[in-house]
Amino acid sequence: MDLEALRTSLDQACPPAGLDAALEALWRAARGEWDAAHDLAQSVEDPTGAHVHAYLHRVEGDLANADYWYRRAGVEACRAPLEEEWGSIASALLERAEPQ
């Protein structure tokens, strides 16, 4: 799956099969399902989950909490437009998920 296919799938009632929890969190966030996205991000106990978690707190408008999660993820706090950050994180996760 590529970024365009992920974006297109946002019109569907359910996320595409095979998404990991971090990608599904981004998918749900893009659909405005913040609580479900947050629950999923919290279930990913690694830097990837922390990065998605940071993004979600930016969406929420809680920049102090977002900055905490960026530090936990080991990435610089993002101040790019939210849609740009969503695409960047999703692209990285999709690339990582591709079979080598």
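We did not get these values from a lab; they are worked out from the coordinates using the rules stated. Quick caveat, the model's predicted, so the values are computed rather than measured. In this analysis, Cβ positions are derived from the backbone assuming ideal geometry, glycine residues included, and neighbour counts consider all displayed protein chains.
Quick notes
- Share of alpha-carbon pairs per 10 Å distance bin for region 30-89, given as whole %: 25, 63, 12
- Size descriptor for the chain, Kirkwood hydrodynamic radius: 13.3 Å (Cα pairs only, one decimal).
- Mean-position separation - Cα centroids, region 1-24 and region 27-100, in angstrom: 15
- Net length gained if the chain between Asp35 and Ala92 were fully extended (0.36 nm per residue, minus Cα distance): 18.2 nm
- The angle separating the long axis of helix 63-73 from the principal Cα axis of greatest extent in the chain is about 70 degrees.
- Legend: calculated FRET efficiency, Thr8 to Arg79, from the Cβ-Cβ distance at R0 = 22 Å, rounded to 0.05, equals 0.20.
- Length gained on full extension, Met1 to Asp20, computed as 0.36 nm times the residue gap minus the Cα-Cα distance: 5.6 nm.
- Taking the longest Cα principal axis of the chain as reference, the axis of helix 47-60 is set at about 80 degrees.
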